[in-house]
Every structure is written in structure tokens, then in C-alpha cells.
Amino acid sequence: MFTILFSFIFLAVGLIGGWLGAERYIAYMQHERHDFEELFQKNPHPELFDSEGKIDRGDYMAITFEPGYDPEEFNPEDIHEEEES
């Protein structure tokens, strides 16, 4: 009698645990990491938060200036867009 009872209990626990584990594994594998996820985790700037206080993972633009860049010497014709691959 105990064998049948424990068999059903372990079967139920195994099915429920396996189902929950599979759901979390699938969600983990389908998660797409944002380009700036490292920034969101290590150093979230105040402008990244929305009105509810949650991090807005929208589209952002990164601008990199070369060392020694002088904004006074800016020429709009020097701007070029990188081609997306």
C-alpha cells in the first residue's frame, strides 16, 4: 500500500517539478540579451528609468568620440552611418 502511495506522490512531484523546470528553461533560452544589458545591471543611469521606476530597455544610440575630439572643429560632412550587417 505504501509503495503505491509513494509512487503516486513522487510521480506528481516529478511531473509538476519537471513542467515548472521546463517552462523556466524555455524562457531562459528564448531571452534575448539587450546590447546594453551590462550597463543596466552595473551602472543604471537615472535617464534609463521610466515614470514607474522600471528600467526602459528600449532603443538607445551609442556615440563614441575619439580621444582628442574637439567639438569646435565639428563638420557635418564628416558624419557617416555604419552599414548594418
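The values are calculated or read from the model by the stated rules, or taken from the named source; none is laboratory data. Only a predicted model underlies this, so the values are computations on that prediction, with no experimental measurement involved. Note: ideal-geometry Cβ built from the backbone for every residue, glycine included; neighbour counts use all protein chains shown. To get the accessible areas, we keep the full protein, side chains included, count just its heavy atoms, and leave off ligands, DNA and RNA. Shrake-Rupley method; radii C 1.70, N 1.55, O 1.52, S 1.80 Å.
Could you check how many residues of the range 25-46 are part of a helix (DSSP H, G or I) and either within 10 Å of the chain's Cα centre (by Cα) or of a type in the set (D, E, K, R) (or both)?
The initial filter retains those residues of the range 25-46 that are part of a helix (DSSP H, G or I), namely 25-30, 37-42, 46.
Narrowing the set further to residues that are either within 10 Å of the chain's Cα centre (by Cα) or of a type in the set (D, E, K, R) (or both) leaves 37-38, 40-42.
Residues that pass the stated criteria total 5.
What are the residues in the range 26-85 that are open to solvent by less than 100 Å² (accessible area, probe 1.4 Å) and of a type in the set (A, V, I, L, M, F, W, C), if any? Talk me through it step by step, then tell me what you get.
First, pick out the residues of the range 26-85 that are open to solvent by less than 100 Å² (accessible area, probe 1.4 Å): 26-27, 34, 36-37, 39-40, 43-45, 48-50, 53, 55-56, 58, 60, 62, 68, 70-71, 75-76.
Selection gives 26, 27, 36, 39, 40, 48, 49, 55, 62.
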Pairs under 9 Å by beta carbon, first residue more than 15 Å from residue 36 (Cα to Cα) in the range 47-61, partner acidic (Asp, Glu), six or more apart or different chains?
50/56
